[in-house]
Amino acid sequence: MSHSPVSGHRNFWLRHLHQWHWISSALCLVGMLLFAVTGITLNHAARIEARPTITEREAVVPDALLPPPSQQAGALPTGLRAWLSDQLGIATGAHEAEWSTDEIYLGLPRPGGDAWLSIDRATGELFYERTDRGWVAWLNDLHKGRNTGTAWRWFLDIFAVACLVFCITGLFLLHLHGRQRPATWPLVGLGLVAPLLLIILFIHS
């Protein structure tokens, strides 16, 4: 039994669209669950009680590791960063510090909290403070890409592309199957009209 060219063309697109649709859905599954959950937590952030935990540490930096007065910009020296990591468990990375004649200040923002340290350039006295706002705040910051670094930003971009593939292939599959499912386009239209009505009627600039 021979197939018409139209049927063969349709089967070709169905096969490839299904393949890209399931691949993109598999790639997006965990990320979409994460973003759906954090979308709810962000929408109700004011109702979710957060109890920040603050950790403070004080120490004295050895004279040999104090940056020379001539250094007035850039990241902390490698030796000082290694000492902070080994002795105090503080990972500073290559974050640039704020330098003055009296003090070195380094902000260490992080998902779900914040941290900073200051070093007195004359005495070497160091003060470090870390604030942890809990796992909900941590997940919310992952959702927003706040203080998450380059690798996570790349993940967000790749995830967004995979979601576009998932949605676009789904739209074409709806088109190919729409004749057998009369409710397809009314439901798609509802998904478009509902948010537009909410924006027009209830969101005011």
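The values are calculated or read from the model by the stated rules, or taken from the named source; none is laboratory data. Treat the numbers as computed from the prediction; the structure is a model and nothing was measured. Every residue, glycine among them, receives a Cβ derived from its backbone with ideal geometry; neighbour counts consider all protein chains shown.
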Within the stretch 35-51, can one find any residue that is under 30 Å from HIS177 (Cβ atoms), of a type in the set (Ser, Thr, Tyr) and in a helix (DSSP H, G or I)? no
Residue identified as exposed (fewer than 10 other Cβ atoms within 10 Å of the Cβ), within 25 Å of the chain's Cα centre (by Cα) and modelled with pLDDT under 95 among ALA50, ALA46: ALA46
Of these, THR150, THR131, THR123, THR101, which one is closer than 30 Å to GLY31 by Cα, hydroxyl-bearing (Ser, Thr, Tyr) and in contact (Cβ under 8 Å) with a residue 24 or more places away in the chain? THR131
Residues satisfying the stated conditions in the stretch 28-60, i.e. touching a residue at least 40 places away in the same chain (Cβ under 8 Å) and hydrophobic (A, V, I, L, M, F, W, C): CYS28, MET32, LEU34, PHE35, VAL37, LEU42, ALA45, ILE48, ALA50, ILE54, ALA59, VAL60
For the stretch 161-193, which positions are within 28 Å of the chain's Cα centre (by Cα), hydrophobic (A, V, I, L, M, F, W, C) and over 14 Å from HIS21 (Cα atoms)? LEU192
For the stretch 61-71, indicate whether the set of residues that are closer than 30 Å to ALA137 by Cβ and in contact (Cβ under 8 Å) with a residue 12 or more places away in the chain is non-empty. no
